[in-house]
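Engineer: Structure below; questions to follow.
The values are calculated or read from the model by the stated rules, or taken from the named source; none is laboratory data. All figures in this text were calculated on a predicted structure; none of them were measured in a lab. Cβ sites come from the backbone with ideal geometry, for glycine too, and all protein chains shown count toward neighbours.
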Amino acid sequence: MAITIAKNNEGVAIVLDDRFDFGSVGDFRKSYESLESIARRTVAIDFKNTRYIDSSALGMLINAKTYCAKQDAKVKLINTNEQIRKILTISRFEKKFDIS
């Protein structure tokens, strides 16, 4: 499975693979850098398929947020399971992202 992009009513969703880790860096960067016309839109990073993240994934999320903010777009994290939400909370990402 690969990272995919799906359009939705609010903007776009980047749907992650089952593992979001160091091996995903290049594909994830390409996915958000390829987005067009995202100003005043929402980029949802969708964890519905994701079962594992590592510390490099946290850095990638910050990079994506920084990139999208420069494009005047909002980033939110959606469909996080309990384990991933716990990692995000411990890392204090609830202060940086809207997480559901």
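Engineer: Among the residues of segment 1-29 satisfying the criterion of being among the basic types (Lys, Arg) and in contact (Cβ under 8 Å) with a residue 24 or more places away in the chain, which is nearest to residue 97 (Cα to Cα)?
Structural biologist: 29
Engineer: Still on this structure, please answer the following. Quick check: anything in segment 64-84 of a type in the set (D, E, K, R), in contact with a helix residue (DSSP H, G or I) (Cβ under 8 Å, 6 or more places away or on another chain), surrounded by 15 or more Cβ atoms within 10 Å (Cβ to Cβ) and within 20 Å of residue 6 (Cβ to Cβ)?
Structural biologist: Yes, there is a match, as at least one residue in segment 64-84 is of a type in the set (D, E, K, R), in contact with a helix residue (DSSP H, G or I) (Cβ under 8 Å, 6 or more places away or on another chain), surrounded by 15 or more Cβ atoms within 10 Å (Cβ to Cβ) and within 20 Å of residue 6 (Cβ to Cβ).
Engineer: Would you please name the residue that is surrounded by the fewest Cβ atoms within 10 Å (Cβ to Cβ), looking only at residues in segment 1-28 that are over 12 Å from residue 48 (Cβ atoms) and polar (S, T, N, Q)?
Structural biologist: Checked segment 1-28; the qualifying residue surrounded by the fewest Cβ atoms within 10 Å (Cβ to Cβ) is 9.
Engineer: If I filter segment 30-38 for residues that are farther than 23 Å from residue 89 by Cβ, in contact with a Lys or Arg (Cβ under 6 Å, 6 or more places away or on another chain) and modelled with pLDDT under 95, do I get at least one hit?
Structural biologist: Looking for residues that are farther than 23 Å from residue 89 by Cβ, in contact with a Lys or Arg (Cβ under 6 Å, 6 or more places away or on another chain) and modelled with pLDDT under 95, one finds none in segment 30-38, hence no.
Engineer: Now, a different point. Do we find that residue 89 is modelled with pLDDT of 95 or more and surrounded by fewer than 17 Cβ atoms within 10 Å (Cβ to Cβ) in this structure?
Structural biologist: yes
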